[in-house]
Amino acid sequence: MFEQAFRNIDDILRKESGCTTELDYTEQTSWLLFLKYLDGLEQDKATEAALDGKKYAHILDKPYRWESWAAPKGKDGKLDHNTALTGDDLRDFVNQKLFPYLHGFKQKASGPDTIEYKIGEIFGEIKNKISSGYNLREIIDHIDELRFRSQTEKHELSHLYEAKIKNMGNAGRNGGEYYTPRALIRAMVQVVNPKIGERIYDGACGSAGFLCEAFDYLRSRSLSNAEGLTTKDLTTLQTRTFYGKEKKSLAYVMAIMNMILHGIDAPNIVHTNTLTENLADIQEKDRYDVVLANPPFGGKERKEVQQNFPIRTGETAFLFLQHFIKMLKAGGRGGVVIKNTFLSNTDNASVSLRKLLLESCNLHTVLDCPGGTFQGAGVKTVVLFFDKGAPTLRHGSGQARKVWYYQLDPGRNLGKTNPLNDADLAEFVKLQKTFADSPKSWSVDTHALSEVEGFDLSVKNPNGGEAITHRSPQAIMDEIAALDAKSAEVLGNIRHALSLSNGALL
């Protein structure tokens, strides 16, 4: 039933001139899902209060509750068509009354970790793009069929919502901003191995894929134990475990909704540009036990933002890596996706950042991902796994550490219809536990790395795999020039043949 409802909603949204992409479909579905969820949450809390003999103070005033404006019911429990708004009346109520009222919660909220603040933030950032009140009525009727009450219902809805996010990830070259392959995330979570009681952070959380998968991992591991989850554990997971920050409005809304559907009722997600925070202001209380992230790469930050970092660069991902290192507690663990050119770039920022990573953290694992891992991204990536506080490079006579490399090769070309899956990463997860050598994996003594100019981390697979290194820009330009020359020659031959053929016809 849920899957058909989602299909019907997308079919209606396709009729809307203001909704042209998967991003629009997900955005418009998200704000309606959020309000439907909020209605169910308030009903549950009111019921709990009544059982305790208490009165529940609703977050929303009565005219703005889902049960009042979206789906008023008659005594038979069915939609009351006499009082339910539709057409221009519905559209005008949503645009002129509902959204301004909900946006006002941001000023009323006691802090960014409250549900009131999230309501205000969401409805101050997104807009209703459904211009037809009749289409909006149809969509609301489908949304009203959905239920969030049981874990089974939330589980099914979370899968459908993840599918919508995945479709966004496949829709255009910026898809990687919204969707990191879940198989890769699950492998990263297994390697980092978070535990209940640790605080987990993603400062570029997008749709909160890392936080949702970490929640599922902790919950499933606890449920597999004989004791299961205690009430204290559940409270810890709900309120003091998962933390995220997100700059973009749509991604922020999706992160909130995604975590809610996974079972986290009040997500600790802040709508902010993480990189505007000065690293010098970060204190011990601000730090986390685990960082899991896929920061945006290829972006550029303004000069004033770069001033917040000791290593100044316009490359967004390099700024995020500095932020993540700083945000980890001593002994904390990180798993971060980054462009594979980070391993070998010779510019000052890249060299300085590799030096910072190697001297402040133990970089123990590098996962080399194949092309096509991220749909539409157009770049190859690696995943860096490191522990904060003990240097990778040990100077003097101390025992050398090793960096373990794994070259992921699924044996096929990855694409929309053939994405990365859990089976592709099973060997990596298994071998990583003991840093075992194999045809796809090998270890490098850090003494060898320390002797390499510029702390170059790109190392060729000694077992015959392709090198992680990229060709130089000059080599690429030379090849482009050679291909252009060859194309010109072929076109010249075709023109010559055509002129001969035309002459023969004359």
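Here Leu79 does not fit the description of being modelled with pLDDT of 95 or more and closer than 30 Å to Thr47 by Cβ.
Note on region 22-65: residues that are among the aromatic types (Phe, Trp, Tyr) and more than 26 Å from Leu85 (Cβ to Cβ) total 0.
Within region 380-407, if we keep just the residues that are part of a loop (DSSP other than H, G, I, E, B) and modelled with pLDDT of 80 or more, the residue that is surrounded by the most Cβ atoms within 10 Å (Cβ to Cβ) turns out to be Thr392. Of all residues in region 76-133 being charged (D, E, K, R), in contact (Cβ under 8 Å) with a residue 40 or more places away in the chain and under 16 Å from Leu35 (Cβ atoms), which is surrounded by the most Cβ atoms within 10 Å (Cβ to Cβ)? Taking the candidates together, the pick is Lys118. For region 311-331, a residue qualifies if it is surrounded by 21 or more Cβ atoms within 10 Å (Cβ to Cβ) and of a type in the set (Gly, Ala, Ser), and exactly one does: Ala317. For Lys166, the requirement of being free of Cβ contacts under 8 Å to residues at least 60 places away in the same chain and outside the structural domain of Leu32 (by TED's automatic domain parsing) is met. Specify the residue that is farthest from Leu32 (Cα to Cα); the eligible residues are those in region 50-75 that are among the small types (Gly, Ala, Ser) and within 36 Å of the chain's Cα centre (by Cα). Applying the filter and picking the extreme gives Ala57.
Select, from Ala183, Ala71, Ala84, the only residue that is farther than 29 Å from Thr20 by Cβ and modelled with pLDDT of 90 or more.
So the residue among Ala183, Ala71, Ala84 that is farther than 29 Å from Thr20 by Cβ and modelled with pLDDT of 90 or more is Ala183.
Considering every residue within region 50-68, establish whether at least one is under 25 Å from Leu160 (Cβ atoms), touching a Phe, Trp or Tyr at 6+ places or on another chain (Cβ under 7 Å) and surrounded by 12 or more Cβ atoms within 10 Å (Cβ to Cβ). No, every residue in region 50-68 fails to be under 25 Å from Leu160 (Cβ atoms), touching a Phe, Trp or Tyr at 6+ places or on another chain (Cβ under 7 Å) and surrounded by 12 or more Cβ atoms within 10 Å (Cβ to Cβ). Selection of first residues in region 414-425 that are over 9 Å from Pro181 (Cβ atoms) and of second residues that are exposed (fewer than 12 other Cβ atoms within 10 Å of the Cβ), restricted to Cβ pairs under 7 Å at least 6 apart or on distinct chains, gives the following pairs, ordered by first then second residue: Asn418/Arg412.
Does any residue in region 253-266 that is under 18 Å from Thr236 (Cα atoms) and free of Cβ contacts under 8 Å to residues at least 12 places away in the same chain come within less than 9 Å, Cβ to Cβ, of a residue that is small (Gly, Ala, Ser) and buried (at least 24 other Cβ atoms within 10 Å of the Cβ) six or more places away or on a different chain, and which pairs are these? That search, which allows pairs on different chains as well, returns nothing.
The residues in region 447-479 that are modelled with pLDDT of 80 or more and not in a loop (DSSP other than H, G, I, E, B) can be counted, and the count is 1. Inside region 24-66, residues that are of a type in the set (Gly, Ala, Ser), outside any helix (DSSP H, G or I) and touching a residue at least 24 places away in the same chain (Cβ under 8 Å) make up a count of 0. Of all residue pairs spaced 6 or more apart or on separate chains, those with beta-carbon atoms under 7 Å, a first member in region 431-448 that is closer than 18 Å to Cys369 by Cβ and a second member that is at pLDDT below 95 and part of a loop (DSSP other than H, G, I, E, B) are Pro439/Asn463; Lys440/Asp409; Lys440/Gly465; Trp442/Asn461; Trp442/Pro462; Trp442/Asn463.
Scan region 314-328 and tell me whether some residue there is within 25 Å of His159 (Cβ to Cβ) and either touching a His at 6+ places or on another chain (Cβ under 7 Å) or not in a loop (DSSP other than H, G, I, E, B) (or both).
Scanning region 314-328, I find no residue that is within 25 Å of His159 (Cβ to Cβ) and either touching a His at 6+ places or on another chain (Cβ under 7 Å) or not in a loop (DSSP other than H, G, I, E, B) (or both), so the answer is no.
When region 332-349 is limited to residues that are farther than 15 Å from Thr381 by Cα and at pLDDT below 95, the one that is surrounded by the most Cβ atoms within 10 Å (Cβ to Cβ) turns out to be Ala349.
The values are calculated or read from the model by the stated rules, or taken from the named source; none is laboratory data. For clarity, every value in this text was computed on a predicted model and none was experimentally measured. Here Cβ is always computed from backbone atoms with ideal geometry, including for glycine, and neighbour counts include all displayed protein chains.
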